[in-house]
Amino acid sequence: MTDFLLELRCEEIPARMQLKASDDLARLFTEELAKAGLKPASIDSFVTPRRLALIARDLPLETAAVSEEFKGPRTSAPAQALDGFLRKTGLTQDQLEDRDGVWFAVVNKPGRATTDVLAEAVPAVIRAFPWPKSMRWGAASATTESLRWVRPLQGIIALLGGEIVPLSIEGVEAGRETVGHRFHSTGAIRIDGADDYADKLRAAYVIVSHQERQAIIEAKAGEAAAAKGYSVIEDKGLVAENAGLTEWPVPLLGDFDPEFLEVPPEVIQLTLRINQKYFVLRDATGKLAPAFICTANIEAKDGGVAIVAGNRKVLAARLSDARFFWQQDRKTPLAEQAEKLGRITFHEKLGTVADKVERVAKLAEWLASEGVVPNCDPALARQAAELCKADLVTEMVGEFPELQGVMGGYYARAEGLPDAVADAIRDHYKPVGQGDDVPTAPVTVAVSLADKLDTLVSFFFINERPTGSKDPFALRRAVLAVISLVTTNGMRMRLISAMIMSGYALASAKIVEASHELRRQILELEINPSLGSNLMIAHNQELLGQISSDRSTFVMGALQSFVRDLLDFFADRLKVQQKEAGVRHDLIDAVFALGGEDDLVRLLARVKALQSFVATDDGANLLAGYKRAANILKKEGVEQAEAISLSYEPEKAEADLIAALDAAEPQAAQAIAAEAFEGAMAALATLRAPIDAFFETVTVNDADPAKRTTRLALLARVRDAVHNVADFSKITG
């Protein structure tokens, strides 16, 4: 057994590509060896800005002989089938075995020298490498068949034990020589084998382990900061990036003029991190410190004084720009900035950002005035919504798009607007993703919720919906954000009511007024008397009364075309969101299937009560009894329960079930009305024993038509009683 060393040396590999490239090299190499029956004991992979490398441990000098068996066609199959099988296996007919009328081929592959396997595997890995971006170079680049690599490939080390594996690709031949650090090392470095690779490069100021470089940066940056009484703001991504930019990392501490701290800290952090790749520091009080840590790639003779001075000069220019933007932006009130939003297109079918802001303002005000968001001042909600996108046209957000919302909050506070308005502007994009803070301040909640509802309704309105893995307008994220806002704050919001108001705001928008053809088509839509439409009309009569008659027709027609899809979209995302909380998706389906349940807080309370119930013996047995009843009713074509009229003396189990239903139905109904869903489940649990007894002793399809009709009606009544709580047909198991 021996080790194999592979190094692929090139010009600088972008830091963001390095770790994945290291993993890809190990994966592809392992796959190529497996094709020849080779499996190393382990693989160690390395990456620096100028090289990818791996060491495959304990490879045999030869592969073992292998025998593979292939099943072919029947001996009676047409000649064409046999010919194809022979071509596949490379054998002749006399080499096949006839086993019970089926041809079998046994292909024996002799062992091969591992050197030969590696000489084929390495070029195959190089040609198949999945760089996100790659290039051709030199004279060979005139043809598309030439080698592609992330940067021009300059050298290959391929050593099995201490011997060179003879291979070449595009004129680059494998050898045993590499180079060290660009500045601290000169000339070629001879590598004797896998065991001395890392040590010889370390002597040449190259640390081949990405993980080790990360550890050095974290440790020495922390030491440099602590020496000045500071601490480093943790940033794992920046540590990895600096490790990808250096082969011999040397963290150095520098400072900047404290006067720059008048600029919001988020601006300084982004300037240091994004523009300069510097680490940000805190002082002993937890505030941003007027200092930074940069990572040099050399051991400077002056201890890094000149490097720090150069970085300080560059940073001062960057911070001066940021301070200029901060000062200039504050000269224009947010209300004036907001007037410029009419120049920015939100979407070609949905108008400008100014149009969106007006829709969000109307919806936020409605959410507050209707008490959907408790304790929210409608005037403040509208004011915050009208200004929430104003910072998009500021110089600072133009430079740092990541700070949209954040800068608006700062500008609002600087011009003396109420704190609730400033906070809402700052946080209205939240929650952005899983794990993000969910706003709880009333004005912020109203604006954030309105913003996301408008996005959902608007894009569903123009039929721009997620398909497969594509979601260009982040609608899945918007739904999850709405669910988080509603459930975290315990808001009692009817989704369809909010959709109607959002649709009303959309109907009033200039872009829709201009879409005459689209408006004509929507106005011509008839409201289908389906469950969804009846539901909308039934619990929104008062709401619709607030909308003028011409608009209400428009809104209802518009919503009719997609409200079902949007509700289904909410249901799908709710199942995803609740899965992590251990809530079964089929139970969410069972409650949604009832229709009319679009209050997320109440829906989830019902689902959780249902999940607890079906986990009990009573719940499991009632489910089994329900399914048996539902199957009989389906087979007999009974869709609706008829009034039970006893024209005969019922059997005891039959009478007991009627009595149990008489008692359970009103109890369950009262509990549901009071949102005491555990009580509703308890009422249903009383049906378990009577249903079991009914099926054990009563013949449903009795020869007597009166008995048969009555008993089917009784089962339909059982089904309907259960459906008042949830649609048990949607429950699996």
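The requirement of being in contact with a Lys or Arg (Cβ under 8 Å, 6 or more places away or on another chain), in contact (Cβ under 8 Å) with a residue 60 or more places away in the chain and in a strand (DSSP E or B) is satisfied by Asp3. Give region 359-378 a look and list any residue that's under 31 Å from the mean Cα position of the chain (by Cα) and surrounded by fewer than 19 Cβ atoms within 10 Å (Cβ to Cβ), or say none. Listed by number, the list holds a single entry, Pro374.
Scanning for something hydrophobic (A, V, I, L, M, F, W, C), in contact with a Cys (Cβ under 9 Å, 6 or more places away or on another chain) and not in a loop (DSSP other than H, G, I, E, B), does region 365-372 turn up at least one residue?
Within region 365-372, one or more residues are hydrophobic (A, V, I, L, M, F, W, C), in contact with a Cys (Cβ under 9 Å, 6 or more places away or on another chain) and not in a loop (DSSP other than H, G, I, E, B).
For region 612-622, the set of residues classified as surrounded by fewer than 20 Cβ atoms within 10 Å (Cβ to Cβ) and either out of contact with any Lys or Arg (no Cβ under 6 Å at 6 or more places or on another chain) or more than 12 Å from Met681 (Cα to Cα) (or both) consists of Ser612, Ala615, Thr616, Asp617, Ala620, Asn621, listed by residue number.
As for region 391-402, it holds at least one residue that is of a type in the set (Asp, Glu) and in contact with a Leu (Cβ under 7 Å, 6 or more places away or on another chain).
Let's see how each residue does on (1) modelled with pLDDT of 90 or more; (2) surrounded by 14 or more Cβ atoms within 10 Å (Cβ to Cβ):
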residue	(1), (2)
Trp103	yes, yes
Asn108	no, no
Arg112	no, yes
Ala124	yes, yes
Ala128	yes, no
Glu163	yes, no
Ile169	yes, yes
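Scanning for something surrounded by 13 or more Cβ atoms within 10 Å (Cβ to Cβ), of a type in the set (Asp, Glu) and either in contact with a strand residue (DSSP E or B) (Cβ under 8 Å, 6 or more places away or on another chain) or not in a strand (DSSP E or B) (or both), does region 302-316 turn up at least one residue? Scanning region 302-316, I find no residue that is surrounded by 13 or more Cβ atoms within 10 Å (Cβ to Cβ), of a type in the set (Asp, Glu) and either in contact with a strand residue (DSSP E or B) (Cβ under 8 Å, 6 or more places away or on another chain) or not in a strand (DSSP E or B) (or both), so the answer is no.
For Lys287, the stated conditions hold: it is surrounded by fewer than 22 Cβ atoms within 10 Å (Cβ to Cβ), among the charged types (D, E, K, R) and at negative phi. Name the residue that is modelled with the lowest pLDDT, counting only residues in region 620-653 that are more than 22 Å from Phe728 (Cα to Cα) and charged (D, E, K, R). Out of the qualifying residues, it is Glu649. Taking region 559-649 and the helices (runs of 4 or more DSSP H) fully enclosed by it, the elements with 3 or more residues that are aliphatic (A, V, I, L, M) and in contact with a Leu (Cβ under 7 Å, 6 or more places away or on another chain) are at 585-592, 600-614, 617-636.
Listed by first and then second residue, the pairs with beta-carbon distance under 7 Å, at least 6 apart or on different chains, first residue in region 179-203 and under 17 Å from Ala296 (Cα atoms) and not assigned by the TED database to the domain that holds Ile164, second polar (S, T, N, Q) and exposed (fewer than 15 other Cβ atoms within 10 Å of the Cβ), form an empty list.
Of all residues in region 216-228, those that are without any contact (Cβ under 8 Å) to a residue 24 or more places away in the chain and assigned by the TED database to the domain that holds Phe292 have Cβ atoms under 6 Å from Cβ atoms of residues that are in a helix (DSSP H, G or I) and surrounded by 13 or more Cβ atoms within 10 Å (Cβ to Cβ), 6 or more apart or on another chain, in Glu218/Val239.
Selection over region 259-280 of residues that are crowded, with 18+ Cβ neighbours inside 10 Å and in a loop (DSSP other than H, G, I, E, B) gives a count of 3.
The values are calculated or read from the model by the stated rules, or taken from the named source; none is laboratory data. Model, not experiment: these values are computed from the prediction. Note that each Cβ is placed from the backbone with ideal geometry, even for glycine, and that neighbours are counted across all protein chains shown.
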